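S.K.: Supplied in structure tokens, the structure appears directly below.
The values are calculated or read from the model by the stated rules, or taken from the named source; none is laboratory data. Predicted model, so just to flag it, every value in this text is computed and none were measured. In this analysis, Cβ positions are derived from the backbone assuming ideal geometry, glycine residues included, and neighbour counts consider all displayed protein chains. To get the accessible areas, we keep the full protein, side chains included, count just its heavy atoms, and leave off ligands, DNA and RNA. Shrake-Rupley method; radii C 1.70, N 1.55, O 1.52, S 1.80 Å.
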Amino acid sequence: MSIVTLPFLVVQPTKAHTATVICLHGIGDDGRGWNPLTNELALALPHVKWVLPHAPQRPVTVYNKEWLRAWFDMPSFSFTETEDASGMLDSVCKLDALVKAEVDAGIPQERIVLSGFSQGGAIVLLSGLGGRAVHEGGEGWKLAGVVVMSGWLPLRDRFKSLISPHALTMPVFWGHGTDDPIVRYSFGRKSAEILKDHVGLALRWGDKGEAERAAFGSAGVSFLGYDGVLHATCSKERADLKEFLKRVIPDNHAG
């Protein structure tokens, strides 16, 4: 199957390139939506290359079939209708091609992080914890980590059958605003609980104290809620994300 390459923006590292973070936006946005955050994080992670792809344009049902950039169709935000599995898996294939390009360029897969906001978060879970195993039946990628911001677990009824052997050792950062009106905070927590109860990933709640935060970057999901935050990020989440990335893709040549 021929994979159409996604267009993308790049924020180049300012020192030797030893790690890559690929960032997926939400519905109706494009790669530029990640620019403010990546520019902020780049100061603390000068060895990282940031890849910011643009999703294909497609009619999105929840927005009256308006043509928008989206990783898959969304019938509504109730998350009870049949999911666009074919659109999701197509996006996973496209994201895998970006990962493969980094590996082919010499970056070990263990030094690559997939991150996503909202709908992008759903895709990085599917790709990061399943990846090539989803569409090729292989082992998937053994990545440095996965970042989900205001996202949810897609294909919940069959997710366990899609994961790769590396999923159980994958560090996952999951941030979610408690007042999110689009992807409800309770739904985000439930998604994380499914990963624990049905898939077998370790799950730590970031509001349980410093011992939980000390496990940042280790295998399993670190779920952090941010009081009063809507469907967006906040300065505390960005600071937590920076700490997570410094742990899973440290600058091996710092100092």
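S.K.: For the stretch 59-75, which residues satisfy the criterion of being open to solvent by 20 Å² or more (accessible area, probe 1.4 Å) and in a strand (DSSP E or B)?
M.R.: Of the stretch 59-75, the ones open to solvent by 20 Å² or more (accessible area, probe 1.4 Å) are 59, 61-69, 73, 75.
If the condition is that a residue be open to solvent by 20 Å² or more (accessible area, probe 1.4 Å) and in a strand (DSSP E or B), then Pro59, Glu66, Trp67, Leu68, Arg69 are the ones that fit.
S.K.: Assuming Ser78 fulfils every condition listed in (1) under 30 Å from Cys234 (Cβ atoms); (2) among the small types (Gly, Ala, Ser); (3) in a loop (DSSP other than H, G, I, E, B); (4) modelled with pLDDT of 95 or more apart from one, which condition is it?
M.R.: (4) is the only condition that Ser78 fails.
S.K.: Here is a further query. Out of Ala70, Ala101, Ala85, report the one residue that is within 20 Å of His17 (Cα to Cα) and out of contact with any Asp or Glu (no Cβ under 7 Å at 6 or more places or on another chain).
M.R.: Numbers: Ala70 fails: within 20 Å of His17 (Cα to Cα); Ala85 fails: within 20 Å of His17 (Cα to Cα).
Answer to the check: Ala101.
S.K.: Do you know which residues across the stretch 34-48 are open to solvent by 40 Å² or more (accessible area, probe 1.4 Å) and either of a type in the set (S, T, N, Q) or in contact (Cβ under 8 Å) with a residue 12 or more places away in the chain (or both)? Please lay out each step first, then the result.
M.R.: Of the residues in the stretch 34-48, the ones open to solvent by 40 Å² or more (accessible area, probe 1.4 Å) are 35-36, 39-40, 43.
Hits for the stretch 34-48 are Asn35, Asn39, Glu40.
S.K.: Continuing with this model, one more query. What about Ser191, is it assigned to a helix (DSSP H, G or I), in contact (Cβ under 8 Å) with a residue 40 or more places away in the chain, among the polar types (S, T, N, Q) and more than 30 Å from Pro46 (Cβ to Cβ)? Explain how you work it out, then say what you get.
M.R.: Numbers: assigned to a helix (DSSP H, G or I): yes; in contact (Cβ under 8 Å) with a residue 40 or more places away in the chain: yes; among the polar types (S, T, N, Q): yes; more than 30 Å from Pro46 (Cβ to Cβ): yes.
The answer is yes for Ser191.
S.K.: Right, something else. Any residue at all in the stretch 144-155 that's at pLDDT below 95, within 16 Å of the chain's Cα centre (by Cα), surrounded by fewer than 20 Cβ atoms within 10 Å (Cβ to Cβ) and under 20 Å from Leu24 (Cα atoms)?
M.R.: Yes, some residue in the stretch 144-155 is at pLDDT below 95, within 16 Å of the chain's Cα centre (by Cα), surrounded by fewer than 20 Cβ atoms within 10 Å (Cβ to Cβ) and under 20 Å from Leu24 (Cα atoms).
S.K.: Also: Taking Arg111 as the residue in question, decide whether it is more than 25 Å from Ala144 (Cα to Cα) and surrounded by 15 or more Cβ atoms within 10 Å (Cβ to Cβ).
M.R.: Details: more than 25 Å from Ala144 (Cα to Cα): no; surrounded by 15 or more Cβ atoms within 10 Å (Cβ to Cβ): yes.
Against the criterion (more than 25 Å from Ala144 (Cα to Cα) and surrounded by 15 or more Cβ atoms within 10 Å (Cβ to Cβ)), Arg111 does not qualify.
S.K.: Consider Lys160 carefully, then state whether it is under 21 Å from Val113 (Cβ atoms) and not in a strand (DSSP E or B).
M.R.: Values: under 21 Å from Val113 (Cβ atoms): no; not in a strand (DSSP E or B): yes.
For Lys160, the condition - under 21 Å from Val113 (Cβ atoms) and not in a strand (DSSP E or B) - is not met.
S.K.: Pairs needed: first member in the stretch 221-242, free of Cβ contacts under 8 Å to residues at least 12 places away in the same chain; second member anywhere, outside any loop (DSSP other than H, G, I, E, B); C-beta distance under 8 Å; at least 6 residues apart or different chains.
M.R.: Between residues of the stretch 221-242 that are free of Cβ contacts under 8 Å to residues at least 12 places away in the same chain and residues that are outside any loop (DSSP other than H, G, I, E, B), the close pairs are Lys236/Tyr226.
S.K.: Also, I was wondering about something else. Would you be able to tell me the number of residues in the stretch 80-99 that are open to solvent by 30 Å² or more (accessible area, probe 1.4 Å), over 17 Å from the mean Cα position of the chain (by Cα) and touching a residue at least 24 places away in the same chain (Cβ under 8 Å)?
M.R.: Looking only at that region, the number is 1.
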